[in-house]
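**Student:** Got a structure for you, questions after.
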Amino acid sequence: MLHSSTILLLLTGLALSVVTQGNTDTNNCQQNSVPGVPGVPGVPGVHGQQGQKGEQGLPGPPGPPGSSQSESGTTYVRWGKSNCQSISGTELVYDGIAVSSHRHEKGSGANHLCLVKNPEYAGYTPGIQNIIQLYPLEYENIAAVQNHNAPCAVCGTTRNKVLMIPGTITCPLGWTREYYGYIMTQRKDIQQKSEFICVDGQPDGLPGSAGHTEPAGELFRVEAVCGIIPCPPYNDYKEITCAVCTM
């Protein structure tokens, strides 16, 4: 007969063997099992409460610089010349012919034009319509260019403001003088009105244009009338000057 202590040892060994075998079977099942099909998503949860407003953030980096003055500007006409003064920021846009309407006609335009030398035509009616026509502007009472046709130049400048000041050859402080000269316009006994323009003080004539043309517009220098305009400082024996200024 087996001793009781021997029987206890046999039972204990048998129990350990059963436990070990169970663990081994469980591990084998876990290694050989296939994942199941994912379940249906659950119902969305309730939105949480809005959080408190955060502190103000730091300033952002500076933006790109704005447009410089060189990207803007203005234009003006230099009457009596085919070029512009050699001034920083000023350049020639085009040079042309100073023209106006027939000086004995009451209608038509009163202003002068700087006409391009090489025209481009679009739609037109063939033939001479004889309704409104353009004629050159001629200098009068200026010995060096008497009865010559006047040239003109359209000048562009990077400065934004342009001003023609009659009665002076000096520009205000902070302004740039583009050119100076004399106020000129049509003769007073001509029926047609004409604008006052600032013609360069040393005017040129268009090549080959010497000789008077009857219907052409005329350019005379002007004078003040004392008694109506204060003299002094004005003098009715002196021609009125002018300056074209930009800023």
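**Student:** Within region 81-101, restricting attention to residues that are assigned to a loop (DSSP other than H, G, I, E, B) and within 13 Å of Ala150 (Cα to Cα), which residue is least open to solvent (accessible area, probe 1.4 Å)?
**Tutor:** First, pick out the residues of region 81-101 that are assigned to a loop (DSSP other than H, G, I, E, B): 81-89.
Next, from what is left, pick out any that are within 13 Å of Ala150 (Cα to Cα): 81-83.
Numbers: Lys81: 29, Ser82: 44, Asn83: 79 Å².
Here the residue is Lys81.
**Student:** Here's another thing I want to ask about it. When residues of region 168-197 are filtered for being under 17 Å from Asn141 (Cβ atoms) and open to solvent by less than 60 Å² (accessible area, probe 1.4 Å), how many remain?
**Tutor:** 8
**Student:** Restrict the check to region 102-109 and report whether at least one residue is outside any loop (DSSP other than H, G, I, E, B) and buried (at least 16 other Cβ atoms within 10 Å of the Cβ).
**Tutor:** no
**Student:** In region 116-167, what residues are open to solvent by 70 Å² or more (accessible area, probe 1.4 Å), free of Cβ contacts under 8 Å to residues at least 24 places away in the same chain and under 21 Å from Tyr94 (Cβ atoms)?
**Tutor:** Lys117, Asn118, Pro119, Glu120, Tyr121, Ala122
The values are calculated or read from the model by the stated rules, or taken from the named source; none is laboratory data. For clarity, every value in this text was computed on a predicted model and none was experimentally measured. When we count neighbours, we look across all protein chains shown, and the Cβ atoms used for this are built from the backbone with ideal geometry, even at glycine. Accessible surface is based on the protein model in full, side chains and every heavy atom, while ligands, DNA and RNA are left aside. Shrake-Rupley method; radii C 1.70, N 1.55, O 1.52, S 1.80 Å.
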